[in-house]
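Here the structure is laid out as structure tokens; the discussion comes afterwards.
The values are calculated or read from the model by the stated rules, or taken from the named source; none is laboratory data. In this text, all values refer to a predicted model and were calculated from it rather than measured experimentally. Every residue, glycine as well, gets a Cβ built from its backbone with ideal geometry; the counts of neighbours run over all protein chains shown.
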Amino acid sequence: MKLDPKLFARLTKKGIPKEEFEPLLPQPSSLTLELLQAQGLNLVLKDNFYCLSSTYTSVADTLFCIVDVETNGSKPSRDQIIEIGAVKLQNGVIIDTFESLVYATDISKQIQEITGISIQQTLKAPALAKVMYQFRLFLGDAVFVGHDAKFDYNFVSAMMERVGLE
């Protein structure tokens, strides 16, 4: 289930009144809320407003997931992640790490030179669906951070959608 980007933007700021938010959800709304939370959208009801839990969490206490992906091209619609790495950080301390190559049969010579990842390596790697499922569990409700966050996030989102983990 996807949440409208405008609705999401409002949740990141001051929140949305309960009486306005719940009618926007497919019924039963309680089940939809549980589904959104299971997908990693950490919604809370505070003072009769739905908002993201990060709205009320100090930066020091926030769990960040710093993500970097290597891909076999620049277009999430036709290319794929060939390696994903992430570090969870909270209060300046590394909490956990994640790293995996991803099965791929198509990596240009140029991409192999840039990334140092060969087809021989990815042929031995787990399938995209398995890696994305494991990464989704790892990410949890942490805040997604990246050096080129738009690129990395767009690829991660597209791969999640591709394997049915929207």
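Out of Val156, Val143, Val93, Val87, I need the residue that is over 19 Å from the mean Cα position of the chain (by Cα) and either acidic (Asp, Glu) or closer than 28 Å to Asp61 by Cβ (or both). Which one? Talk me through it step by step, then tell me what you get.
Numbers: Val156 fails: over 19 Å from the mean Cα position of the chain (by Cα); Val143 fails: over 19 Å from the mean Cα position of the chain (by Cα); Val87 fails: over 19 Å from the mean Cα position of the chain (by Cα).
Only one candidate qualifies: Val93.
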I need the full set of residues from the range 23-42 which are touching a helix residue (DSSP H, G or I) at 6+ places or on another chain (Cβ under 6 Å) and either closer than 19 Å to Gly140 by Cα or at pLDDT 80 or above (or both), in order please.
Asn42
Within the range 32-64, the residues that are aliphatic (A, V, I, L, M), surrounded by fewer than 16 Cβ atoms within 10 Å (Cβ to Cβ) and part of a loop (DSSP other than H, G, I, E, B) are Val59, Ala60
Subset of the range 58-78 [in contact (Cβ under 8 Å) with a residue 60 or more places away in the chain, in contact with a strand residue (DSSP E or B) (Cβ under 7 Å, 6 or more places away or on another chain) and of a type outside the set (Ser, Thr, Tyr)]
Leu63, Phe64, Cys65, Ile66, Val67, Asp68, Val69
